[in-house]
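What follows is a single structure, written as structure tokens, with notes after it.
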Ligand SMILES: [Zn+2]
């Protein structure tokens, strides 16, 4: 090599050693960190561009492959992950973070509240609404802050929307723990339940809420010209619930069959238990969101 590239602060790498990690090289790629050895054509602008294109295409193909597995082969991605085939896919948390971002973007104009639960919904529409004096707490908080209720509600909803994005992560350990409890006879380790839980919530955020729930009530309304319905939003909610529970059921049945290896009947029974558990976790999440939002204001 010539003196090209000698302008940086770091000393030039020893020949036959990886420039990134210093390991002894044996071929064009470092066996330790994967770094590629630069060749003469890397000193051209076209190489810069083709490198960027291939990086993007690689991300794209891993993303599309992961989404295809998530939708068509529930439980399959976790199986691949623990079989050691990880390079062709997005990592579980990458997929989850991506799903989180897409979901909260879509959620802002979807006909349902989803995970972000506004104050009005917290006060009147949750299973714990009759038990927990959410309205009294909100009124107390509003007067402590010297705000009218409407003003407070606006402030609450903005804060709740921010916290909702972070607290979604809490559902993963909750579901992993639930799976560990109901599948106590299975030899699976906690990390396996955790990956299954991460993939499920990526699926729920991205596919169920991000795609299906946001579009299919609109589709039904359009086909049957029901736009004139007085309670558009609550009708959308009912349609959404009717549409998504079977999808969740199919996802879990296939996961229990494919990843955990259950026979048909046990898989069916466990699917119903998981669906009930998911409902409990969702309400636990919304309650946590209420308490965290009130506390943080
Ligand atoms: Zn290296």
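The values are calculated or read from the model by the stated rules, or taken from the named source; none is laboratory data. If you're wondering where the values come from, they're calculated on a predicted model, not measured in any experiment. No Cβ is skipped: glycine too gets one built from the backbone with ideal geometry, and neighbour counts run over all protein chains shown.
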Item to check | Single match in 59, 63 (criterion: modelled with pLDDT of 90 or more and either assigned by TED's automatic domain parsing to the domain that holds residue 196 or more than 16 Å from the ligand (Cβ to nearest atom) (or both)) | outcome: 63
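Go through the residues of region 90-111 one by one and say whether even a single one is in a loop (DSSP other than H, G, I, E, B) and out of contact with any helix residue (DSSP H, G or I) (no Cβ under 9 Å at 6 or more places or on another chain). Full working, then the answer.
Taking region 90-111 as the starting set, the residues that turn out to be in a loop (DSSP other than H, G, I, E, B) are 90-91, 108-111.
If we keep only those that are out of contact with any helix residue (DSSP H, G or I) (no Cβ under 9 Å at 6 or more places or on another chain) as well, we get none.
No, there is no match, as no residue in region 90-111 is in a loop (DSSP other than H, G, I, E, B) and out of contact with any helix residue (DSSP H, G or I) (no Cβ under 9 Å at 6 or more places or on another chain).
Every residue, every condition in (1) at pLDDT 90 or above; (2) closer than 27 Å to residue 119 by Cβ; (3) assigned to a helix (DSSP H, G or I); (4) not assigned by TED's automatic domain parsing to the domain that holds residue 102, yes or no:
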{"residue": "137", "(1), (2), (3), (4)": "yes, yes, yes, no"}
{"residue": "143", "(1), (2), (3), (4)": "yes, yes, yes, no"}
{"residue": "152", "(1), (2), (3), (4)": "yes, yes, yes, no"}
{"residue": "160", "(1), (2), (3), (4)": "yes, yes, yes, no"}
{"residue": "202", "(1), (2), (3), (4)": "yes, no, yes, no"}
{"residue": "210", "(1), (2), (3), (4)": "no, yes, yes, no"}
{"residue": "219", "(1), (2), (3), (4)": "no, no, yes, no"}
Checklist entry - In this structure, does residue 280 turn out to be assigned to a helix (DSSP H, G or I), at pLDDT below 95 and within 19 Å of the chain's Cα centre (by Cα)? => result yes
Checklist entry - Considering region 17-42 alone, what residues qualify as being more than 9 Å from the ligand (Cβ to nearest atom), in a loop (DSSP other than H, G, I, E, B) and more than 19 Å from residue 55 (Cα to Cα)? => result 26, 27
Next on the checklist: Just to be sure before I move on: is residue 197 part of a helix (DSSP H, G or I), at pLDDT 95 or above and within 30 Å of residue 136 (Cα to Cα) in the structure I sent?
Outcome noted: no
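Take residue 46 and tell me if it is within 16 Å of the ligand (Cβ to nearest atom) and either within 28 Å of residue 90 (Cβ to Cβ) or at pLDDT 70 or above (or both).
Numbers: within 16 Å of the ligand (Cβ to nearest atom): no; either within 28 Å of residue 90 (Cβ to Cβ) or at pLDDT 70 or above (or both): yes.
Criteria not met by residue 46.
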